[in-house]
Amino acid sequence: MNIRDIKNIKYIKKFIYHNFKNFKKQEYKNDYKILVEVYDYKPSTIPISYLSNVLAQKHRANLIGYYPSFLSFKNKFKRILFDTLNPYGLNKIYESFGITKFIIPKRSNDRTQELLYNKTYKKIKFKKDILELKLDGILLGDLFYDEYLRSNNVITIDVNTKNFQSFLKEAISLYFFWKKIFEKEKIKSLIISHHVYFMGIVTRIAIYKNIPVYNIGITNIQYLTKSYPIKHCGFENYLKFFKKFNSNLQKKLLIDAENKLTERFAGKKDIKLLMDRHTEKDFYNKKVSTKKILSQDKYKVLIAAHQFNDAVHVYGKFLFNDFYEWIDFLGKCTKKTDYEWYIKFHPAEFKTNYKYIKYFAKKYPKFIILPNTVTNNQLIKEKVDIILTVYGSIGHEYPLFGIPVVNASNEGPHKPFDFNIYPKNFVEYERIILNLHKVPKVKVNLVQRKLYIYYLMRFLLDYNLIDNFRGELIKLGSDYSTGKIYDIFLKQLQKKNNNNEILKVYNDYINSKKFRIYSNNLNKKTELIGFY
């Protein structure tokens with residue numbers, strides 16, 4: 001609980017009361033359990049409360065809260081003081097909708113665990129070996145890789161350090177804890193907030209055992225399976241599903257998608273940017289500087305760099321082990337080409353990346369690091385020639401202006417469409433990079449419709465429990481993650497009296513065994529379309 005939450009205790013109190021009233025606490029005498037991740041994020045606790053109760057009734061199972069990772073001493077203290085003893089803390093919120101107890105991972109030094117560590121570490125000679133790492137047939141290496149980068153605040157891995165060895169022991173210990181839980185308990189379903197980092201270990205085990213996993217938030221819900229193992233997938237189905245909508249709805253949705261993207265380019269935040277709460281500035285700005293930044297006589301390459309240690313493998317493997325290797329490879333390419341090489345880092349964590357920015361600028365003098373104040377509108381106006389990314393959202397923005405985007409991956413969100421370039425392998429990628437001037441411009445009239453379909457299917461059709469969600473986000477501003485979100489939800493619920501409707505939608509969705517819920521959010525109102 002933070003300071004802003006203290007000011008909003010009255011809203012948290014109302015939400016807790018609402019839950020106690022509508023979700024009667026019930027302990028089943030069987031051993032079936034629904035594991036519900038304890039996630040300290042107020043907006044997500046709203047859909048979690050409804051989905052968990054639908055699952056509990058369906059399976060006649062008890063709701064068990066769980067913490068996905070080991071708790072540090074600081075987090076243990078916080079949990080006791082702010083979550084357990086506090087009558088309006090996180091534990092009380094979870095208990096209010098039926099959680100009967102909590103699981104907190106504990107470290108152990110099992111002999112079998114030690115033997116597995118020794119066997120595993122011997123296999124790791126290079127960084128790429130981490131990404132191939134499987135335990136009991138379950139792929140976990142990408143989770144370990146990303147967790148190491150993030151928790152150690154580094155941008156690449158040296159497998160020979162004691163720090164990495166110690167980390168690997170902890171990772172295997174955490175896996176062993178959850179392995180024993182799944183062997184001992186009769187788990188019927190799992191509710192998660194994210195599928196990345198150490199949080200994803202529980203998810204991977206459940207999917208391997210064919211236990212239903214639901215990744216849920218205030219604007220999303222996905223049913224994860226072996227076919228759809230991560231939240232961000234299924235893009236290859238977008239065009240097929242869109243064709244199932246009636247022609248009238250198609251036209252309205254495409255107009256809405258075009259308008260929303262146009263607003264983004266004009267400096268307004270669409271739902272994607274509003275949900276990217278860590279981004280302080282608008283991605284685009286209405287004002288474009290009159291001071292020229294780009295060269296006017298050379299081929300201009302823009303590297304849209306990613307946050308170096310932010311869920312690097314969120315879409316799976318790409319052509320490099322990490323973003324450090326990607327930038328380093330492009331740096332080497334600067335020595336073999338006569339282009340102007342510009343790097344634009346994400347504004348969200350520009351300061352934390354700055355020391356790495358300086359490192360690359362010193363190592364490769366041809367790199368021109370753009371200041372954080374430079375907007376995409378300005379780069380488009382000054383006619384940047386091509387964009388390089390790994391899998392960034394910039395891939396559905398710049399093509400609208402005829403500017404090609406090359407991905408350092410043979411997979412990704414835009415691959416099923418033809419408005420991005422996806423090389424088949426590293427050899428093809430290198431050939432493209434050394435001949436960027438030969439890449440043709442995007443024919444906007446040929447890709448525009450597909451681009452709008454991608455955008456609306458990805459960002460505009462999620463089932464929201466709050467009507468006019470974008471407008472409410474704008475009004476809430478920085479208070480979005482506090483108890484004020486409960487006030488908005490409960491007021492709308494009282495007006496519509498649709499508590500049972502929400503439960504029915506989730507129940508029908510679970511029974512459908514489909515990946516995602518789609519809804520029509522036009523006219524500032526959420527109307528169910530179906531499950532796909």
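The values are calculated or read from the model by the stated rules, or taken from the named source; none is laboratory data. The model shown is predicted, which means the values in this text are computed figures rather than measured ones. Heads up, the Cβs are rebuilt from the backbone with ideal geometry, glycines too, and the neighbour counts pull from every protein chain shown. Quick note on the areas: whole protein, heavy atoms, side chains included, nothing else; ligands and nucleic acids left out. Shrake-Rupley method; radii C 1.70, N 1.55, O 1.52, S 1.80 Å.
Would you mention how many residues in segment 482-514 are open to solvent by 60 Å² or more (accessible area, probe 1.4 Å) and either closer than 30 Å to ASN237 by Cα or assigned to a loop (DSSP other than H, G, I, E, B) (or both)?
Matching residues across segment 482-514 total 6.
Please enumerate the residues belonging to segment 9-37 that are assigned to a helix (DSSP H, G or I), hydroxyl-bearing (Ser, Thr, Tyr) and over 25 Å from PHE82 (Cβ atoms). Scanning segment 9-37 gives no hits. Looking for something assigned to a loop (DSSP other than H, G, I, E, B) and under 24 Å from ILE216 (Cβ atoms) - is there at least one such residue anywhere in segment 82-89? The answer is yes; a qualifying residue exists.
In segment 471-481, the residue that is farthest from ILE12 (Cα to Cα) out of those that are of a type in the set (A, V, I, L, M) and buried (at least 17 other Cβ atoms within 10 Å of the Cβ) is LEU473.
Applying the condition of being modelled with pLDDT under 95 and either open to solvent by less than 60 Å² (accessible area, probe 1.4 Å) or part of a strand (DSSP E or B) (or both) to segment 294-303 and asking which residue is nearest to LEU139 (Cα to Cα) yields LEU294.
Residue selection: ILE181 fails the criterion of being of a type in the set (A, V, I, L, M), under 30 Å from ASN523 (Cβ atoms) and out of contact with any Gly (no Cβ under 8 Å at 6 or more places or on another chain).
Does segment 134-154 hold any residues that are among the hydroxyl-bearing types (Ser, Thr, Tyr) and either modelled with pLDDT under 95 or open to solvent by 40 Å² or more (accessible area, probe 1.4 Å) (or both), and which are they? Once the filter is applied, which keeps residues that are among the hydroxyl-bearing types (Ser, Thr, Tyr) and either modelled with pLDDT under 95 or open to solvent by 40 Å² or more (accessible area, probe 1.4 Å) (or both), segment 134-154 yields only SER151.
Within segment 167-180, residues that are touching a residue at least 60 places away in the same chain (Cβ under 8 Å) reach partners that are among the basic types (Lys, Arg) with beta carbons closer than 9 Å, at six or more positions or on different chains, in the pairs GLU170/ARG107; SER173/ARG107; LEU174/ARG107; PHE177/LYS106; PHE177/ARG107. Somewhere in segment 48-59, is a residue buried (at least 17 other Cβ atoms within 10 Å of the Cβ), over 26 Å from the mean Cα position of the chain (by Cα) and among the hydrophobic types (A, V, I, L, M, F, W, C)? Yes, there is a match, as at least one residue in segment 48-59 is buried (at least 17 other Cβ atoms within 10 Å of the Cβ), over 26 Å from the mean Cα position of the chain (by Cα) and among the hydrophobic types (A, V, I, L, M, F, W, C). Taking each residue of segment 264-276 that is without any contact (Cβ under 8 Å) to a residue 12 or more places away in the chain and looking for partners that are surrounded by fewer than 18 Cβ atoms within 10 Å (Cβ to Cβ) with beta-carbon atoms closer than 8 Å, six or more apart or interchain, yields LEU273/THR279; LEU273/ASP282. Taken together, the residues in segment 431-481 that are over 30 Å from LYS332 (Cα atoms) and assigned to a helix (DSSP H, G or I) amount to 30.
Matching residues to (1) β-branched (Val, Ile, Thr); (2) touching a Lys or Arg at 6+ places or on another chain (Cβ under 9 Å); (3) in a loop (DSSP other than H, G, I, E, B):
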site	(1), (2), (3)
LYS106	no, no, yes
ASN118	no, no, no
LYS122	no, no, no
LEU149	no, no, no
SER173	no, yes, no
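Counted as qualifying within segment 314-428 are the helices (runs of 4 or more DSSP H) with 3 or more residues that are among the aromatic types (Phe, Trp, Tyr) and at pLDDT below 95, namely 350-363.
Of all residues in segment 517-529, which are open to solvent by 10 Å² or more (accessible area, probe 1.4 Å), in contact (Cβ under 8 Å) with a residue 12 or more places away in the chain, not β-branched (Val, Ile, Thr) and not in a loop (DSSP other than H, G, I, E, B)?
Within segment 517-529, ASN520, LEU522, LYS524, LEU528 qualify.
Candidates GLU397, GLU411, GLU382, GLU340: the one that is closer than 23 Å to LYS443 by Cα, over 28 Å from the mean Cα position of the chain (by Cα) and in contact (Cβ under 8 Å) with a residue 12 or more places away in the chain is GLU382.
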